[in-house]
1. If contacts are Cα pairs under 8 angstrom and at least 6 residues apart, what is the relative contact order of the stretch 94-217 in percent?
2. State the Cα centre-to-centre distance between the stretch 66-118 and the stretch 185-227 in whole Å.
3. Looking at Ala182, Tyr217, Val246, which one has the Cα that reaches farthest to the positive end of the dipole of the stretch 179-246 (charges on Cβ: Lys, Arg +1; Asp, Glu -1)?
4. Once both axes come from the Cα atoms, what is the angle between helix 583-592 and the longest principal axis of the chain, in degrees from 0 to 90, rounded to 10?
5. To check my understanding: the extent here is largest minus smallest coordinate of the Cα atoms along each principal axis. What are those three numbers for the stretch 468-524, in Å, largest first?
6. Where does helix 76-88 land angle-wise versus the long Cα axis of the chain, in degrees 0 to 90, nearest 10?
7. From Cα pairs below 8 angstrom and at least 6 apart in sequence, can you work out the relative contact order of the chain, rounded to a whole percent?
8. Which order do peptides 487-493, 519-525 fall in by mean Cβ count within 10 Å, highest first?
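What follows is calculated from the coordinates using simple rules that are stated; it is not laboratory data. Being a predicted model, the structure only gives us computed values, none of them experimental. Quick reminder, even Gly has a Cβ in these numbers, built from the backbone with ideal geometry, and neighbours come from all protein chains shown.
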Amino acid sequence: MTRQNKMTHFVRTVRHSLVLRLTRFRRTGTLVFILVALLSAVLCALPFIPVLRNVSEGTVVSADMVSRRDIVYVDNGRTEDLRKRAMDEVAPIYKFDSSRLPTATTALESVMTKVISIRAQDAPVDQESQQIAALLMTAQGATTKYLVTCSESEVQSSKTAAREALTIVMGRGVLEGSLPAARESINTELKKYGISDNQVRSAYLLAVRFVSSNLIYDEEATQLARDKAASSVSPVVSTILAGTAVVKKGSVLDQSTVDLLLSTGLVWGPRALQNVVSQMLVALLAWGTIALAVMLLGSAKGRTEHLLMEIAVIGGSCIVIGWLAGSVTATMTPFFLCMLLGFVFFEGALATVFGFALMVMTWIMVPMPAEVLSGLVVGAVIVFIVMRKVNKMSALLIAGPIAGASAALVYSALAGVSEQRLSVIAANAGYLVAGGVIAAVFALGLTLVFERLFNVATVVRLRELLDTGSKLLAQLFESAPGTYHHSLSVANLAAGAAQLIGANWLMARVGGYYHDIGKLLHPQFFGENRGELPNIHEDISPELSTKVILEHVQSGVTIARSNHLPPEVVDIIAEHHGTTVVQFFYDKASAEQPNLSPDTFRYQGPKPHTRESSLVFLADGVEAAARSLPKVDKPALEGLIDAVVNARIADGQLAESQLTLGEIAAVRDYFLTSLISFYHVRDAYLTPEEANERI
């Protein structure tokens, strides 16, 4: 054995061993899925785990405390200062005591009555002046003597002026502690009335002792107003950018810095614990969403464990690659890797859920500014569009760079509005483009690894299976040439019909190539391989003939699995006859045994459950029936196709096919057009000369 052959044999042996081990391990797909989900949750929480466990006032920092992510937090110190200032700006609130003024004016009237009574005495002026001074609680002087000696009209005028001044001053409100100013206001008001100085002084003397505060401080209302002012102050939100040294080495922490570190989660405390738990919950929720999508959208053929294993390994690889890349240069992280691989390995909605869920986890692990995230969202949409529309492996190399460039453009536009430095914008934009390219390269490389590891029917794998020089097809051509050519015809019909209705034409073509691979075991029992040899079935019972024919389906499944064909192709092999009856031998046996049950002559199935499997099922029946036509023309082919398709619909064989009636009608027309072209059906010509002219 040459060195090259030894190496090839070694590679095949190792691969076969890995596949066998993985096949056994798939039974624990759920466990692996859970373990990967937990690991991903831990990785998502790592940027939020503080370096220091605990600090206190007076702690000396042994190293720079650098934020590993952008932190948006409420600056409680500045917020409290602003709220205190707002409270201080609220003026005290006073209640107006309306009962104070009537009491004061009543007392003034009472005193005036006593003054008039004293004036009415027939006593010396000094004695009456002394009595008035005692009544008004002031020193005897010129003003008290004036009140004794002035006329009645002057007394009444002084009384009226005093009452009006008192009413005006107290009507405006008198604060507690401002009585001197209020009494001075009495004098100011009296001077406005145009009365004599004696009357002003006497009126002032009468009114001033009754001025009292009638604005009472309302402590409760004032506190409510200040609380409202404080609550109207929005919290001051500050941002600590990733890479910023919050505390320098050797710094001694004061209480305000300790509070800042605790409130931002930079040291262990309630906030740090909340950050870690919340990020882990988000990651677990993302994986839970994927698991739910697998249950609702995944395979209905009992391969859930296999699918969970694929998702866990592929998704876990994406998370680890994103985490490692993000620790080097955040914006160069291959954010789109998970979406690219999702659309390579999974179908439609499941690929979308897988891709977006893992992108969210990557964004958590590698925190990005809002401008970058906006660009990544646009890039993710680009990946979604390209991968949904382009069913080729080259889509990976197209979608990744285009998504990266789109993300860079969006980021640059938003960053320009926010007035970031041009050098920073250019660097980050370049990193985003590079991240898209790296995602495409990683996706292509991992596709080649995972498609072999999990035996997944990717585009590359399916195109490889189309190689007619492969071992199985070469063996089929050599041992069963008739079956080989029949398979090519079925593949052409199924693939063309798949393209017409928007199904996976590549899968349909591969399924057509391999659907009859089980005939390798007994090729001579099938008419297309007999040639000029005698018909074996003429010498054996219908039951034995049926047994051999039925076995080719299970034999095909066994051969396909032993050669590691993708499960989807194995399904097509198992379903290409559905649960139909081998009608010819059943009719032959029924002629000899009336009331014979057809179950013995029925394929085990199952019925085709995908559009691609259903197309191979129909193409196989139509192509085989067309070969048996004694005369091939358009009416004969049209009648045959209708008969085959209608019989299989009536038998319920397409009940799980996912084909609509409109698609089935389109497939009929395509089969007719293709078979007419294949058999070169022409109109009848009148003369040989005319026929030669039309060739």
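1. Relative contact order comes out at 40 percent.
2. 19 Å
3. After comparing all options, I get Ala182.
4. In the chain, helix 583-592 runs at an angle near 60 degrees to the longest axis.
5. Ordered largest first, the stretch 468-524 gives principal extents of 36, 20, 14 Å.
6. Between helix and principal axis, roughly 30 degrees.
7. Answer for the chain is 12 percent.
8. In decreasing order of mean packing, 487-493, 519-525 become 487-493, 519-525.
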